[in-house]
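What follows is a single structure, written as C-alpha cells, with notes after it.
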Amino acid sequence: MWRAYAALAALALGYVVVELLGIKWAWLDGWGVSGFELVVGALCIYRAATMTRNRAIPILLGLGLWSWATGDIVLTIQSLGGATPPSPSLADGFYLTFYPVTYVGLMLLLRRNVRRFSLATWLDGGVAGFGAAALCATFAFKDVLHHADGSAAGVAINLAYPVGDVLLLGLVVGGAAIVSGRRKLPWLLLAAGYALITAGDMFNVLGTSSFVGTFLNAIAWPLSILLVSVAVWVQAPAARPSLADEPPGFALPALAAGAALLILFVGSLHNIGRVSLGLAAATLLIAGVRSAVSVIGLRSLTEERRRESVTDQLTGLGNRRALFRLLEAFLAEQRDPDAPARSLAFMFLDLDKFKEVNDSFGHPAGDELLRQLGVRLQDSVRASDLVVRLGGDEFAVALLDAGADYAATVAGRLTARIEEPFVLDAIRAQIGASIGIAVLPTDAGDAADLVRCADLAMYRAKLAGKRFAIYQEDLDGAANRMQLVEELRDAIEQRRLELHYQPQVNLANGQIDSVEALVRWNHARLGFIPPLEFIALAEDSGLMGALTALVLDEALAQCARWHAGGEQLTVAVNISASDLLDPEFPALVRRLLARHELPAGALVLEMTETTAIADFERSQLAIQELHDLGLIVSVDDFGAGFTSLAYLGSLAVKELKLDRSFITGLAETGEGRDLALVRATVELAHALGLRVVAEGVEDNHCLGLLTGLRCDLVQGYVISKPKPADELTLAPHALPALPARRAA
Ligand code: C2E
Ligand code: CA
Ligand code: CA
C-alpha cells in the first residue's frame, strides 16, 4: 500500500515540477488531476476492506474525495474545447457535497478516538477549533462578496465554500488538539490536508494570478487529497499502556488563542469581517474558561495528591508518612518549653497467620481481609487517634494523651476485634495479632526510636504468645539485651536454669505416665523471666544448642531418678528448629541417654509444627533419625498454623499435641464446630498412628469432653501446673464421669 502511495506522491511531485516550469497541458490539469484524485479516493475507500470495525469512516472520507474529483471531472468536461463553464455549475454541486460527507466521516472518527475526555480537553479542542475557524474566516470571507456575480444562487454558492471551509478547518484542527497519543498523527495529516484544501479554495475564489496563487491552486487539491487518503492508513505503533492517558498537548490551542488575539488586534486597526472577529472573541472566551478550569483542577489535584500521599491505598487508613508527620509534629510541640507536657502511646501491630490466609486463599482474599480489618481498627479507637498501615500486615496506632495503661486496654480491645472471624466471599478466616506498646516521651527521643521500641516489644509479645507487651528497657533495650545475653550464657554455663515439670494424664486409666520439662530462669536482678522471652534471646545469640543440651541433661537425670524410685515416667523435652537441624543433635541425644542409662523410649522430643514445615526435607530426615533412635517425636502446638495433618503423615512423628487455642475454643463452646474439629483431628491422627495429647486443659468439663473424644493424654492446670520435681504429685488422677455419649 505504501508503495502505491509513494508512486502517487512521485506523480504529484512530477506535476509540481511541470507546474513550476509553467508548462500548460490541458489534459494534465483536467483529466490527469481528476484521475489522480479518483485513484487516491479509491485507496481511501479500499481501507475499509482491511478493517473490521468503523468502516464507515474511510468510506465517507473517500466518498468526499470522490465527490470532489467528480466536480473536477464535470468542470473538465464543461471546459472541453476551451468553453467557459457556467457559474454556478453542476461541478459546484459535487464540490459542495464534499463538505457534509466529510463532516460526518470526521465526526465518526472523533467519536471513535475520543471516549472519555475531561472538560478541559474539550475546551482545548474548542479553543483550537474556533481559533482555526477565525483565522480561516479572516481570509475566506474577505473578498467573497466582491467576487460574487450578483445572482442569489451565485452569492449563496460562493458563500458556501468559505463557510464549509471554516467549519471543516475548525473541526479538524479542534480534533487534532483533542486527540492525544498514537491517534494524533492521522489527525495532524487530516488537518494538514484539509488546511491545504481550504487554502486552495481561497485562491480559487479570489482568482489571484500571483505565482504563489497559481502554484497553490494547482497543487493544493491533489496534495491535500493525498494527505487525507494517507491519514486513514497510518497506524501509529501501539502506545505503551502507561501513556494511554497522556494529555493531548497544548501547542494547537495555544497557537489558536494567539491567532485569535492577533485577529482581534489587527481587527481593531483594519477592517476585518464580523464573522472572524466573532470567532476570535469566542476563541478567547473559551480559552479563558479553559484557564479557569485548569486552575480549579490544579487546586483539587494538589489537595488530592496531598491526601493520597498520606493514605494507604488498600485500606484507606493513614500510611507511614502520615504516622511520621504526626510523631514529628508531636515531638516538635514538646520541644517548645511553653507547651504543656503531653504523652503519646504508640502501638505496633503485627498480624499472626495473615500470611497463611494470603497463601491459602489468594491475594484478593488477603486484600479484602486487610480492608475489613482497617474498618475494625478505625472503629475501635477514638477519633483523635491515628490508625495507619505501615505496609504488608503491619499496622500502627498512635494514641494522643495516653500512657501505657490506656494503650494496654486499647490493645486488648483491638486484638479481640482482630480475632473475630472474617467473612471473605465464601470462606471464614481467623487471624490474630501481636502488639508492642511504647510511649513518648518516656521510652524514646525520636519517632524512629519509638517505632523501634514498640517493634521490640511486639517481637517479645509474639514469642511469648501474648497479645501485647509493653516496652521494657530491661528486656528490650539494646544495651540491656547485650548484658542479658551474657547473663544467660553464664546461667547456662553454671547450670543455674531450673526445670519445672508438668504431668500428663493417660485418659485410659488416670495414670500419670509422662511429664513435660519446662525451663525456668530465675534472674538475680530481674526476677523470674518467662521461657519464651529468653528462649528467643538464646536463639538469636546462638545459645540455643547449649540451652537444649542443659535441659536434656537435667530432664534425663531427673527421669533416671524417677526410674530408680520405681516411677516409670517418660519425660518430654522441647526442642527448637536449630536443634532439629543440627547434625550433631542425634548423637548428643544418644550420648545423654547412655549417660543416664535410660532407654530411648523414656524420652519424647517436642517440636512445633512450624519447625517441621520451615525446611521440610531436612526436617523429615532429622526426624527420621531421631525416631530411629527409638524415642517419640511429637508435634507441639498443632493447629496453631495451617498445616494439614496429611502433610504431617509423611513425617516420622508419633504424637500430636493439640494447640491450647483448640482446647480453649472447645472449653468455651463445647459444641458445634470446635467439637467437630477436635473429633475429626483426633480420628485422623489415630488413623495415622499418632497419639493425641491435649494441652492447656483447665477444667473438668473440658477434660470430660476430651475423654469422650478419645484423646490419649491430657496436660493442663486441671491436673497440675508445672512444678519443680520434688513438689510434683504423681498419684493417679481421678477422672470425671464420662459423658453418656462415650458408651455409644
Ligand atoms: P509449650 O511447650 O506449649 O508449653 C506449654 C506451656 O503452657 C507452658 O508454658 C505451660 O506452663 C503452659 N500451660 C500448661 N498448662 C496450662 C493450662 O492449663 N493453661 C494455660 N493457660 N497454660 C498452661 P511455659 O512453661 O511458660 O512455656 C512456654 C513455652 O516455652 C513452651 O510452650 C515451650 O514452647 C517453651 N519452652 C519451655 N521450656 C523449654 C525448653 O526447655 N526448651 C525449649 N526449646 N522451649 C521451651
Ligand atoms: Ca511443649
Ligand atoms: Ca504447646
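Given +1 at the Cβ of Lys and Arg, -1 at the Cβ of Asp and Glu and no other charges, the dipole of the chain around its Cα centre is 3300 debye to the nearest 20. Placing R0 at 22 angstrom, the Cβ-Cβ distance between L581 and S650 gives a FRET efficiency of 0.80 after rounding to 0.05.
What is the extension gain from I427 to E394, computed as 0.36 nm multiplied by their sequence separation minus the C-alpha to C-alpha distance, in nm to one decimal?
Values: separation 33, 0.36 × 33 = 11.88 nm, distance 2.28 nm.
Full extension from I427 to E394 adds 9.6 nm.
Axis angle, to the nearest 10 degrees, between helix 478-493 and the longest C-alpha principal axis of the chain: 30 degrees. Taking amide H atoms as placed 1.01 Å from N in the peptide plane, the amide H of E606 lies under 5 Å from those of V573, N574, I575, S634, each 5 or more residues away in sequence or on another chain.
Here the stretch 69-102 and the stretch 519-585 have alpha carbon centers that stand 107 Å from each other.
Calculate the translational D of the stretch 320-478 in whole µm² s⁻¹ from Stokes-Einstein, where the hydrodynamic radius comes from the Kirkwood formula applied to all Cα pairs, the temperature is 4 °C and the viscosity 1.567 mPa s. Intermediate results must be reported in sequence, preceding the final value.
On the way: Rh = 16.0 Å.
Stokes-Einstein gives a translational diffusion coefficient of 81 µm²/s.
Counting only protein heavy atoms and using a 1.4 Å probe, what share of the accessible area of the stretch 495-727 belongs to carbon plus sulfur, as a whole percent? The value for the stretch 495-727 is 50 percent carbon and sulfur by accessible area. Taken over the stretch 616-723, the alpha-carbon convex hull comes to 106 cubic angstrom per residue.
With protein chains left intact and a 1.4 Å probe, residues in the stretch 83-127 average 52 Å² of accessible area per residue. The distance separating the Cα centre of the stretch 348-374 from that of the stretch 607-625 comes to 26 Å. Residues in the stretch 386-393 carry Karplus couplings, in order, of 10, 10, 10, 9, 7, x, x, 10 Hz; the curve used is 6.51 cos²θ - 1.76 cosθ + 1.60 with θ = phi - 60°, and Gly or Pro positions show x.
Computed extension gain for S360 through F528, at 0.36 nm per residue and net of the alpha carbon distance, reaches 56.5 nm.
Round to the nearest 0.05 the FRET efficiency obtained for Q483 and A448 when R0 = 22 Å and r is the Cβ-Cβ distance. Calculated value: 0.40. For K723, the residues whose modelled amide H falls within less than 5 Å of its own, excluding neighbours fewer than 5 places apart on the same chain, are Y501, Q502. What the phi angles of the stretch 118-124 give under the Karplus curve with 6.51, -1.76 and 1.60, with θ = phi - 60°, is a coupling list of 6, 3, 4, 5, 4, 5, 4 Hz, glycine and proline written as x.
Residue ranges 715-722, 41-48, 379-386 sort as 41-48, 715-722, 379-386 when ordered by packing (mean number of other C-beta atoms within 10 Å per residue, highest first). Set Lys and Arg Cβ to +1 and Asp and Glu Cβ to -1, take the dipole of the chain about its Cα centre, and tell me which of L171, L317, L605 lies farthest positive. Value: L171. When the C-alpha to C-alpha distance is required to be over 22 Å, the pairs from K654/K723; K353/K466; K466/K721; K355/K654; K462/K654 that qualify are K654/K723; K355/K654; K462/K654.
Taking the three principal axes of the alpha carbon atoms in the stretch 1-132, the coordinate ranges are 56, 37, 28 Å, sorted in descending order. Which log10 I(q)/I(0) values does the stretch 397-440 give at q = 0.17, 0.22, 0.24, 0.29 Å⁻¹ under the Debye formula, counting every alpha carbon as one identical point scatterer? Taking Cα atoms of the stretch 397-440 as identical point scatterers yields -0.55, -0.74, -0.81, -1.02.
Per residue, how much accessible surface does the stretch 294-392 expose to a 1.4 Å probe? Answer in Å², no decimals.
Dividing the accessible area of the stretch 294-392 by its residue count gives 55 Å².
Pairing the Cα long axis of helix 544-564 with the longest principal axis of the chain, what angle in degrees results, from 0 to 90 and rounded to the nearest 10? Computed tilt is about 30 degrees. Computed over the chain, the per-residue total of -39500 (n - 2.57) for DSSP H runs of n ≥ 4 gives a 222 nm mean residue ellipticity of -19000 deg cm²/dmol, rounded to 500. Between A383, A329, F348, the Cα set farthest toward the positive side of the dipole of the stretch 318-393 (charges on each charged residue's Cβ, about the Cα centre) is that of A329.
Throw me the Rg/Rh for the stretch 287-406, computed over C-alpha atoms with Kirkwood Rh, two decimals.
On the way: Rg = 18.7 Å, Rh = 16.8 Å.
With Rh from the inverse mean 1/r over Cα pairs, Rg/Rh is 1.11.
Treating each Cα of the stretch 489-640 as an identical point scatterer and ignoring solvent, apply the Debye formula and state log10 I(q)/I(0) at q = 0.16, 0.21 Å⁻¹. Once normalised to I(0) and log-transformed, intensities are -0.93, -1.50. Spatial offset of the stretch 298-314 relative to the stretch 460-502 amounts to 45 Å, using the alpha carbon center of each. Measuring nothing but protein heavy atoms, the accessible surface of the stretch 320-478 at 1.4 Å probe radius is 53 percent carbon and sulfur. Here the simple spin-label model places points 7 Å from the Cα toward Cβ, and for A680 and A564 these points are separated by 5.0 nm.
Between helix 33-46 and the chain, what is the angle of the helix's C-alpha long axis to the longest principal axis, kept within 0 to 90° and rounded to the nearest 10? That helix lies at roughly 20 degrees to the long axis. Of the peptides 225-233, 119-127, the ranking by mean beta-carbon count within 10 Å, highest at the top, reads 225-233, 119-127. In this structure the amide hydrogen of R691, modeled in the peptide plane, comes within under 5 Å of the amide hydrogens of E655, L656, none closer than 5 places in sequence on its chain. Tell me the label-point distance for the pair A56, E304, using the 7 Å Cα-to-Cβ offset, in nm and rounded to one decimal. The two pseudo-label positions are separated by 3.3 nm. Karplus-based coupling profile of the stretch 327-343, in residue order and whole Hz: 4, 4, 4, 4, 5, 4, 4, 5, 6, 6, x, 7, 6, x, 6, 10, 10, with θ = phi - 60° in 6.51 cos²θ - 1.76 cosθ + 1.60 and x standing for Gly or Pro. Treating each Cα of the chain as an identical point scatterer and summing with the Debye formula, the log10 of I(q)/I(0) at q = 0.06, 0.08, 0.10 Å⁻¹ comes to -0.63, -0.77, -1.00. Based on protein heavy atoms only, the stretch 495-727 ends up with 42 Å² per residue of surface accessible to a 1.4 Å probe. Taking every C-alpha pair closer than 8 Å and separated by at least 6 residues, the mean separation divided by the residue count of the chain gives a relative contact order of 8 percent.
Equivalent-ellipsoid semi-axes (√(5λ), Cα gyration tensor) for the stretch 58-140, whole Å, largest first?
With the √(5λ) rule applied to the stretch 58-140, the semi-axes are 35, 17, 7 Å.
The values are calculated or read from the model by the stated rules, or taken from the named source; none is laboratory data. Keep in mind the model is a prediction, meaning the values are calculated, not measured. Methodologically, a virtual Cβ is constructed for each residue, glycine included, from the backbone with ideal geometry; neighbour enumeration extends over all protein chains shown. Please note that ligands, DNA and RNA were not included when accessible areas were found on the heavy atoms of the full protein model with its side chains. Shrake-Rupley method; radii C 1.70, N 1.55, O 1.52, S 1.80 Å.
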